[in-house]
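*Asks:* Next up is a structure, given as structure tokens.
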Amino acid sequence: TNNDQKYLSLVRRVDFLEFDTNGVLVINVNTKAFNLILSQESQPTMLVDDQNNIISTNQPGYLGKKLNSIINSKNILDGKTGIFQGDLEGEPIHIFVEAIPLENSLNKVRVVSIIADEDIVGNANRFRRMGVIVAAVSVCVALLLIYYISKLLSNRLIKLSEQINLVGKGNFNTRILIDGEDEIGQLSKQLGVMVNNTRNLLNEVYESNRQKTLLER
């Protein structure tokens with residue numbers, strides 16, 4: 001109404017009963033504020049009236065157009081709300097439509113958001129790739145830990161086996177000592193005690209035989 005510009009207006013009839021007359025109160029809404037709010041959305045979002053006029057949007061090219069020039073879904077153009085499938089410039093999309101409740105209003109206002117299927121699938125694929133990477137890294141770390149622990153245990157067992165073989169060949173001066181408080185370390189300590197006892201016993205037998213030889217002489 002003002003310089004042939006279109007406005008989103010709140011219109012109410014005001015009755016003056018004592019004068020038996022009435023008037024009309026018209027409040028024009030600043031659509032730039034709506035555009036600023038919608039600009040924070042990452043996906044194309046529009047504010048649409050019940051005549052499918054695009055009142056406000058974060059897409060400058062859509063402003064002032066009819067919704068049917070962008071979306072060809074009959075359900076949406078008929079004023080229905082919910083989640084719908086459609087296409088935009090040949091690309092499959094999902095359309096989310098939600099009504100804005102207005103008290104004592106003859107008109108309806110809806111919020112229409114468009115999300116491309118590629119964006120939805122892209123997010124799923126990104127999370128899937130992230131999951132595969134995390135799983136692969138976890139498996140690699142687990143394999144490295146298993147290899148390191150197995151290598152450590154096998155080296156200690158090989159060292160203990162070599163020391164036991166030396167003792168088995170009669171070398172009781174071999175020192176059996178494997179660090180650690182686990183089963184291998186405990187076994188090493190027990191074998192060390194057994195070797196010391198055997199060496200002491202042999203020394204006692206040798207000393208006894210030497211004394212016996214001296215007595216015989």
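The values are calculated or read from the model by the stated rules, or taken from the named source; none is laboratory data. Note that the structure is a prediction, hence the values are computed from the model and not measured. Neighbour counts run over all protein chains shown; Cβ positions are idealised from the backbone, glycine included. We work out accessible area using only protein heavy atoms, side chains counted, and drop any ligands, DNA or RNA first. Shrake-Rupley method; radii C 1.70, N 1.55, O 1.52, S 1.80 Å.
*Asks:* Test of understanding: among ASP87, ASP49, which residue is of a type in the set (Asp, Glu) and farther than 19 Å from ASN35 by Cα? Outline the logic, then answer.
*Replies:* Values: ASP49 fails: farther than 19 Å from ASN35 by Cα.
Sole residue among the options that is of a type in the set (Asp, Glu) and farther than 19 Å from ASN35 by Cα: ASP87.
*Asks:* Moving on. So which residues in region 99-123 are open to solvent by 60 Å² or more (accessible area, probe 1.4 Å) and among the hydrophobic types (A, V, I, L, M, F, W, C), if there are any at all?
*Replies:* Just the residues of region 99-123 that are open to solvent by 60 Å² or more (accessible area, probe 1.4 Å), to begin with: 100-104, 106-108, 118-121, 123.
If the condition is that a residue be open to solvent by 60 Å² or more (accessible area, probe 1.4 Å) and among the hydrophobic types (A, V, I, L, M, F, W, C), then ILE100, LEU102, LEU106, ILE120, VAL121 are the ones that fit.
*Asks:* What's the total number of residues in region 53-69 that are without any contact (Cβ under 8 Å) to a residue 40 or more places away in the chain, open to solvent by less than 50 Å² (accessible area, probe 1.4 Å) and of a type in the set (A, V, I, L, M)?
*Replies:* Count: 1.
*Asks:* Let me ask you something else. Of the residues ASP20, ASP49, ASP87, which is open to solvent by less than 90 Å² (accessible area, probe 1.4 Å) and over 29 Å from VAL121 (Cα atoms)?
*Replies:* Step by step, each of ASP20, ASP49, ASP87 is checked, and only ASP49 is open to solvent by less than 90 Å² (accessible area, probe 1.4 Å) and over 29 Å from VAL121 (Cα atoms).
*Asks:* Let me ask you something else. Does region 1-17 hold any residues that are closer than 14 Å to ILE55 by Cα and open to solvent by less than 70 Å² (accessible area, probe 1.4 Å), and which are they? Walk me through how you get there before you give the answer.
*Replies:* So the first thing to find is which residues in region 1-17 are closer than 14 Å to ILE55 by Cα, and the list is 5-10.
Matches in region 1-17: LEU8, SER9.
*Asks:* Could you please let me know if VAL11 is farther than 15 Å from VAL112 by Cβ, touching a Lys or Arg at 6+ places or on another chain (Cβ under 8 Å) and among the β-branched types (Val, Ile, Thr)? Before the answer, list the steps.
*Replies:* On the way: farther than 15 Å from VAL112 by Cβ: yes; touching a Lys or Arg at 6+ places or on another chain (Cβ under 8 Å): no; among the β-branched types (Val, Ile, Thr): yes.
Considered against the rule, which asks whether it is farther than 15 Å from VAL112 by Cβ, touching a Lys or Arg at 6+ places or on another chain (Cβ under 8 Å) and among the β-branched types (Val, Ile, Thr), VAL11 comes out as no.
*Asks:* If the Cβ limit is 8 Å and pairs must be 6+ apart or interchain, which residue in region 111-133 that is within 21 Å of ILE37 (Cβ to Cβ) pairs with which residue that is open to solvent by 80 Å² or more (accessible area, probe 1.4 Å) and part of a strand (DSSP E or B)?
*Replies:* These pairs meet every condition: VAL111/GLU98.
*Asks:* It is to be established whether one or more residues within region 196-217 are in contact with a helix residue (DSSP H, G or I) (Cβ under 6 Å, 6 or more places away or on another chain) and modelled with pLDDT of 75 or more. Outline the logic, then answer.
*Replies:* At the first step, the residues of region 196-217 found to be in contact with a helix residue (DSSP H, G or I) (Cβ under 6 Å, 6 or more places away or on another chain) are none.
No, region 196-217 contains no residue that is in contact with a helix residue (DSSP H, G or I) (Cβ under 6 Å, 6 or more places away or on another chain) and modelled with pLDDT of 75 or more.
*Asks:* When you check ILE37 against the structure, is it more than 34 Å from the chain's Cα centre (by Cα), closer than 14 Å to ILE100 by Cβ and surrounded by 12 or more Cβ atoms within 10 Å (Cβ to Cβ), yes or no? Outline the logic, then answer.
*Replies:* On the way: more than 34 Å from the chain's Cα centre (by Cα): no; closer than 14 Å to ILE100 by Cβ: yes; surrounded by 12 or more Cβ atoms within 10 Å (Cβ to Cβ): yes.
Here the answer is no, as ILE37 does not meet what is asked.
*Asks:* Then there's this: Just to be sure I understand the filter: pairs with C-beta atoms under 8 Å, separated by 6 or more residues or on different chains, first member in region 164-177 and closer than 15 Å to ASN200 by Cβ, second member modelled with pLDDT of 70 or more and exposed (fewer than 10 other Cβ atoms within 10 Å of the Cβ). Which pairs pass?
*Replies:* Once the first residue is closer than 15 Å to ASN200 by Cβ and sits in region 164-177, no partner that is modelled with pLDDT of 70 or more and exposed (fewer than 10 other Cβ atoms within 10 Å of the Cβ) comes close enough.
*Asks:* Right, here's the next one. If you take the residues in region 91-116 that are touching a helix residue (DSSP H, G or I) at 6+ places or on another chain (Cβ under 8 Å) and not charged (D, E, K, R), which one is farthest from ARG13 (Cα to Cα)?
*Replies:* Just the residues of region 91-116 that are touching a helix residue (DSSP H, G or I) at 6+ places or on another chain (Cβ under 8 Å), to begin with: 91-95, 97, 112.
Going one step further and asking which of them are not charged (D, E, K, R), we end up with 92-95, 97, 112.
Numbers: PRO92: 44, ILE93: 41, HIS94: 40, ILE95: 36, VAL97: 30, VAL112: 30 Å.
The residue in question is PRO92.
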